Amino acid sequence: MSVNRSRRQTLTKIFAWPLVIGVLSITGLIAALVGDGIWDRVSWATLLLPSVLYVVFLLRPFR
Amino acid sequence: MLMLCITGLPLIFHHEIDDLLHEGVPAAQVPPGSPKADLDLIIRNALARAPEQVPHFLAWDRDDPNTLFVAVGSSITADPADNRFLRMDAHTGAFLDLPDVTGRFTYIMLKLHTEMYAGLPGKLFLGFMGILFCIAIVSGIVVYAPSMRKLRFGAYRRDRPRIVRWLDVHNLAGILLVAWTLVVGFTGVINTWADLVAKLWQYGQLAEMTAQYKDREIPTKLSSVQSAVEVAEQAVPGMVPVFVAFPGSLFTSKSHYAVFLRGDTPVTSRLLKPALVDAETGQLTDTRDLPWYVSTLLLSQPLHFGDYGGMPLKIIWAILDILTIVILWTGLYLWLRRRKPTTVAAPAAARPIDQQAVSS
């Protein structure tokens, strides 16, 4: 788990996950505009994800 | 920016807060599909309650099909910012109440959030702050890379001194929320240009549509509003009226009713289409789609307000807003600590701190 701590990461590695989350957020922002029902649910899920991850990361022990 | 996030938080729920704090006279309970009252009757009833006033706008309540609003001012040229709003029953046509919104908590928050009680200069100033906010976010992304070289994604060094912990808290929330903060920040900036966009439309498309009538004065006797709306509905089938601007008011010419209609999907319900009806003859003059700059403004509104995906989306908006406050607060702390380099005892591993990014 902690192997990366001692190694420098490439830009691609640093931004891979942020990019995925960013694309999901944009999808969610647009989804609720496109339609109701299922589209709203997609929007709720993708936009709630960053906050959930935030809590998970802060509660997870660092190692 | 902190002020904007804090005042913005209650505004997400402005409708619910208003309902909770201010009890309005309820509209008559009618079975669905009941016929609507004649709009001319509604205007007459409204003016009977507002003597010496003239109607500027008639607006349907998006969230409550049972009520309508009639906005009145002391004269047709009076500043619409001073309009008073009479709530009317959509089915019986009766006057319900005349709420004084200016003393409301949500109104004060709105004024602080949009213009800090400083009118257009206040709006443009906040718009400029919004642009700086977006630039700060982008610079935050740039400096995120060097500070994360030796850390994996999502790292939170809980056992380190406060400055390192807060840096991680700042970086993590910042990068997780980056898409949302950029979108809400930028659409907020667009919203500050609303007054300018309205003026641009008035002197652009609206002037074009009414060019041949430009020297005409406001008719002494206006044609029926009810029939103007019917004419507009026939001209633009499948759309429903949102509001009517009276001749001489903002958003129309001196001699036309402007009936604005919307569609019924989430996107098209935001996009309006004006139909201009001659207020002397009652005939349709023209109807066109709004130009791209107005459509951009109208579409940027839901993306800023978060009011387009039901209550869950509003709650998510509030959570993201609170996390943005965390980002700003930790950013401020990191920035202040940078001012006193002697007191910074950050370990070597955390040296490449993203100081520029926290100036927001």
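Against the conditions (1) in contact with a Phe, Trp or Tyr (Cβ under 8 Å, 6 or more places away or on another chain); (2) within 14 Å of chain A (Cβ to nearest Cβ), B:Pro274 satisfies every one except (2). Contact map, the range B:138-155: first residue more than 7 Å from every other protein chain (Cβ to nearest Cβ) and of a type in the set (Val, Ile, Thr), second residue part of a loop (DSSP other than H, G, I, E, B) and crowded, with 17+ Cβ neighbours inside 10 Å, Cβ cut-off under 6 Å, separation 6 or more or different chains; pairs are B:Val143/B:Asp354. The criterion of at least 1 residues that are more than 22 Å from the chain's Cα centre (by Cα) and among the charged types (D, E, K, R) is met, among strands (runs of 3 or more DSSP E) falling completely within the range B:1-106, by B:84-89, B:95-97. Can you say whether B:Gly185 is of a type outside the set (A, V, I, L, M), modelled with pLDDT of 95 or more and under 27 Å from the mean Cα position of the chain (by Cα), as far as the supplied structure shows? Criteria met by B:Gly185. Contact map, the range B:296-313: first residue more than 7 Å from every other protein chain (Cβ to nearest Cβ), second residue among the acidic types (Asp, Glu), Cβ cut-off under 9 Å, separation 6 or more or different chains; pairs are B:Gln301/B:Asp307; B:Gly306/B:Asp321; B:Met311/B:Glu16. Exactly one residue out of B:Gly140, B:Gly127 is over 26 Å from the mean Cα position of the chain (by Cα), modelled with pLDDT of 90 or more, under 22 Å from B:Ile6 (Cα atoms) and of a type in the set (Gly, Ala, Ser): that is B:Gly140.
Under the condition of being in contact with a Pro (Cβ under 8 Å, 6 or more places away or on another chain), assigned to a helix (DSSP H, G or I) and not small (Gly, Ala, Ser), the residues counted in the range B:145-171 number 2.
Do we find a residue being within 24 Å of B:Val229 (Cα to Cα), at pLDDT 90 or above, buried (at least 16 other Cβ atoms within 10 Å of the Cβ) and among the aliphatic types (A, V, I, L, M) anywhere in the range B:108-115? No, that holds for no residue. B:Leu120 satisfies every condition listed in (1) more than 10 Å from every other protein chain (Cβ to nearest Cβ); (2) surrounded by fewer than 16 Cβ atoms within 10 Å (Cβ to Cβ); (3) over 31 Å from the mean Cα position of the chain (by Cα) except (3). For residues that are surrounded by fewer than 19 Cβ atoms within 10 Å (Cβ to Cβ) and out of contact with any Lys or Arg (no Cβ under 9 Å at 6 or more places or on another chain), scanning just the range B:163-188, find the one that is farthest from the other protein chains (Cβ to nearest Cβ). That would be B:Phe186.
The values are calculated or read from the model by the stated rules, or taken from the named source; none is laboratory data. Being a predicted model, the structure only gives us computed values, none of them experimental. Cβ coordinates were reconstructed from backbone atoms using ideal geometry, including for glycine residues, and neighbour counts include every protein chain displayed.
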